[in-house]
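Notes follow the structure.
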Amino acid sequence: MPPFDSTHVSKLIIWMVIFAWPIGLTLAWIWRRRWLERYERLGESTSEEMLAELEKAWATRRSLLIRTPTEYLPFVFERIREVVDSGFEDKQMLSLLERIDYHRPYEVRQAVFPVEVKGRTVDLHLKWSRDEGDRIRLRVTAAPAIIRALREQKKKIPKVAMAD
């Protein structure tokens, strides 16, 4: 009689399956648990990152209303560009001026530009409408540094040009 006949081989395979099945399930459960823990840890942030995100989300913003003819808008936008570190480039400014220029009276339009001021990223929110006298009513919501600069620029716009 040979040492391993077909009945012995089949019994051996059955016993291997009986022992390997729970071991395989246990290893699969451990692997899945570790993978889920690692996956959940990917979304975690350090306390410094969380505070920076909160500071960015709750950045102080101010608003200013400027009424001006369209020919003074390039000076207003140029003043914004002087204060902004990055984010409101020539291409964006020219595109915005073109949008305002082709704008029909009494329609309200708006644009938002992410800009960097003093190392902080904030939104520059512009909302405008035009009357039939070709005057623009521009509301700017932005960081306090931009609003202070625009208040100075607003004083330089002739009062006759701002009259309603």
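Of note:
- Most to least packed among 103-111, 24-32, 72-80, 149-157 [average Cβ atoms within 10 Å]: 72-80, 149-157, 103-111, 24-32
- Translational diffusion coefficient (Stokes-Einstein; Kirkwood radius from C-alpha pairs) of the chain at 20 °C, 1.002 mPa s, in µm²/s: 102 µm²/s
- Computed [θ] at 222 nm, helices only, for the chain once each DSSP H run of length n ≥ 4 contributes -39500 (n - 2.57): -17500 deg cm²/dmol
- Vicinal HN-Hα couplings computed from phi for the range 28-37 (Karplus, 6.51 cos²θ - 1.76 cosθ + 1.60; Hz; Gly/Pro x): 5, 5, 5, 4, 5, 5, 5, 5, 5, 4
- Using a Förster distance of 30 Å, the FRET efficiency for Leu51-Lys118 (Cβ separation, nearest 0.05): 0.95
- Phi-derived couplings, Karplus 6.51 cos²θ - 1.76 cosθ + 1.60 at θ = phi - 60°, listed residue by residue for the range 10-19: 5, 5, 4, 5, 4, 5, 5, 5, 4, 7 Hz, with x used for Gly and Pro.
- The gain in end-to-end length when the Arg151 to Glu71 segment is fully stretched comes to 27.0 nm, 0.36 nm per residue minus the alpha carbon separation.
- Solvent-accessible area, 1.4 Å probe, carbon plus sulfur percent, for the range 8-164: 57 percent
The values are calculated or read from the model by the stated rules, or taken from the named source; none is laboratory data. Since the model is a prediction, treat every value here as computed from it, not as a measurement. Cβ atoms come from the backbone with ideal geometry, glycine included; neighbour counts cover every protein chain shown. Surface accessibility is based on the protein's heavy atoms, side chains included, excluding ligands, DNA and RNA. Shrake-Rupley method; radii C 1.70, N 1.55, O 1.52, S 1.80 Å.
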